[in-house]
1. Can you find even one residue in region 103-116 that is among the charged types (D, E, K, R) and surrounded by 15 or more Cβ atoms within 10 Å (Cβ to Cβ)?
2. For region 128-163, which residues satisfy the criterion of being under 15 Å from residue 99 (Cα atoms) and either free of Cβ contacts under 8 Å to residues at least 40 places away in the same chain or basic (Lys, Arg) (or both)?
3. Of these, 40, 64, 59, 53, which one is among the aliphatic types (A, V, I, L, M) and in contact (Cβ under 8 Å) with a residue 60 or more places away in the chain?
4. Among helices (runs of 4 or more DSSP H) lying entirely in region 45-163, which contain 3 or more residues that are under 24 Å from residue 14 (Cβ atoms)?
Amino acid sequence: MAINEVPLSGSSIVKETVISINRVSKTVKGGKRLSFNACVVVGDSNGNVGVAVGKAKEVQQAIVKAGNKAKKVLIKVPIVKNTIPHEIIGVCGAAKVFLKPALPGTGVIAGGSVRAVVESVGIKDILTKCLGSRNPINVAYATIDGLKRLYTEEEILSLRGKI
C-alpha cells in the first residue's frame, strides 16, 4: 500500500492510500486491450474518509483518478475517545465487516483494506473482523458503509426526542 499526502481545499492535508491495483483486459477483434483499476482511500485523520475506484490505461493515471473521486465522496465519521461509538456491521455485496469499539491502548486490530480505511479516518482503538467475501474493494466499501451508519449518543437521543 502506497501512502501520499495531498493538500485538500483549505488547510487540511489528506492521506492517500492505495488499497489495490488490478490489471484488467478486454478482448477485442485485434487481441486483448489491457487497462488498470486502482482502489484508493483518502482521509484527513480527523474524522473524514472516502474510498473510490479509478480505471485507466496506465497505473498512475488510475491512482490519480481514484484519488480525485475519493475526495469528492468524503464522509464524516463520529469518533468518541479515539474509537467508534458502538458496534456495527457494514455490508457491500458478499463482504461484511464487523466493527467494534475498543478500550484505549488496544490499537487498530484490522487487516488489509479495513486497516487502511480505519487509519485514514483517524481511529486509534478498534476491533474488526471480515465476514464473507475478502475482496479488497468490497471490504473497503463495506467498512465505509459501517462507518457511515454510526451515530453518537446525542444524535440518538435527539432522534428519540429526549433532548
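Each reported figure results from applying straightforward, stated rules to the coordinates on display, with no laboratory input. Quantities reported herein were computed from a predicted structural model and do not represent experimental measurements. Cβ atoms come from the backbone with ideal geometry, glycine included; neighbour counts cover every protein chain shown.
1. Within region 103-116, the first condition is being among the charged types (D, E, K, R), and the residues that meet it are 115.
Of the ones still in play, those that are also surrounded by 15 or more Cβ atoms within 10 Å (Cβ to Cβ) are 115.
Checked against the condition, which is being among the charged types (D, E, K, R) and surrounded by 15 or more Cβ atoms within 10 Å (Cβ to Cβ), region 103-116 yields at least one hit.
2. 128, 129, 130, 132, 148, 149
3. 53
4. Output list reads 59-72, 112-121, 136-148.
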